[in-house]
């Protein structure tokens with residue numbers, strides 16, 4: 001049962017344009033959402049997060065939008081840079097007491113072309 | 001400052017064998033979590049430890065066990081290895097429990113079971 005879904009396995013965007021990565025979730029107990037970025041041979045690196053009490057969070061070139069009614073979140077990267085090429089994972093947590101278990105999606109591979 | 005470190009980097013075992021993976025958290029971090037990432041999938045939660053106590057367990061068989069030591073480092077043990085245990089095993093540390101505390105991931109241990 002995939003509780004966090006990233007339906008696009010890959011995405012190619014031109015440098016300078018906007019990259020939009022999407023994520024859907026099914027568990028209404030999730031109350032905190034995160035995006036991680038992963039380069040080959042490295043562990044995932046935290047990028048940005050959003051609490052369920054917000055609908056938008058911005059950090060530099062990265063903005064995460066949350067639509068709770070649709071159980072959907074998206075990550076916008078503007079402008080996209082070649083160094084952004086990596087696998088992006090959406091993750092969710094919450095509803096598990098004090099434990100902070102993360103439930104990950106399957107990832108979207110972003111390629112930013114020149 | 002050193003990040004999360006894991007050893008070994010790579011490991012090859014045969015079916016039926018036992019393996020021990022090690023993780024050293026960031027200095028000052030008291031919580032350690034373990035994740036399994038199978039090729040083409042997102043990381044899947046195995047265990048979380050805090051102050052040497054298990055605080056969360058994912059949907060993994062009893063062949064998987066872990067512990068946390070007084071210095072907050074951790075070991076993940078897998079008995080009776082199966083081919084399906086081949087994966088990247090990631091360790092993550094965070095200062096405390098709770099969804100608002102960012103989890104920092106190590107580079108992982110690549111386990112191959114032949």
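For segment A:15-33, filtered to residues that are at pLDDT 95 or above and assigned to a strand (DSSP E or B), the residue that is farthest from residue A:84 (Cα to Cα) is A:25.
Within segment B:61-99, being closer than 18 Å to residue A:104 by Cβ and over 12 Å from the mean Cα position of the chain (by Cα) holds for B:94, B:99. Residue-level analysis places residue A:37 among those that are part of a strand (DSSP E or B) and within 14 Å of chain B (Cβ to nearest Cβ). For the subset of segment A:84-114 comprising residues that are at pLDDT below 95 and more than 8 Å from every other protein chain (Cβ to nearest Cβ), which member is farthest from residue A:9 (Cα to Cα)? The selected residue is A:97.
How about segment A:1-50: which of its residues are out of contact with any strand residue (DSSP E or B) (no Cβ under 6 Å at 6 or more places or on another chain), over 15 Å from residue A:104 (Cβ atoms) and free of Cβ contacts under 8 Å to residues at least 60 places away in the same chain? Within segment A:1-50, A:28, A:40, A:41, A:42 qualify. Set side by side, the residues B:78, B:113, B:19 differ, and just one is surrounded by 21 or more Cβ atoms within 10 Å (Cβ to Cβ) and either free of Cβ contacts under 8 Å to residues at least 12 places away in the same chain or more than 13 Å from residue A:102 (Cα to Cα) (or both), which is B:78. Restricted to segment A:4-14, and to residues there that are surrounded by 13 or more Cβ atoms within 10 Å (Cβ to Cβ) and not in a strand (DSSP E or B), the residue that is farthest from the other protein chains (Cβ to nearest Cβ) is A:8.
If you check B:73, B:33, B:86 for being in contact (Cβ under 8 Å) with a residue 24 or more places away in the chain, closer than 30 Å to residue A:53 by Cα and surrounded by 13 or more Cβ atoms within 10 Å (Cβ to Cβ), only one passes: B:33. Looking at this structure, is residue B:39 over 22 Å from residue A:42 (Cα atoms), exposed (fewer than 13 other Cβ atoms within 10 Å of the Cβ) and in contact with a strand residue (DSSP E or B) (Cβ under 9 Å, 6 or more places away or on another chain)? Answer is no for this residue.
All of A:109, A:61 fail the test of being at negative phi and touching a helix residue (DSSP H, G or I) at 6+ places or on another chain (Cβ under 9 Å), apart from A:61.
The values are calculated or read from the model by the stated rules, or taken from the named source; none is laboratory data. None of the values given here were measured: they were computed from a predicted structure. In this analysis, Cβ positions are derived from the backbone assuming ideal geometry, glycine residues included, and neighbour counts consider all displayed protein chains.
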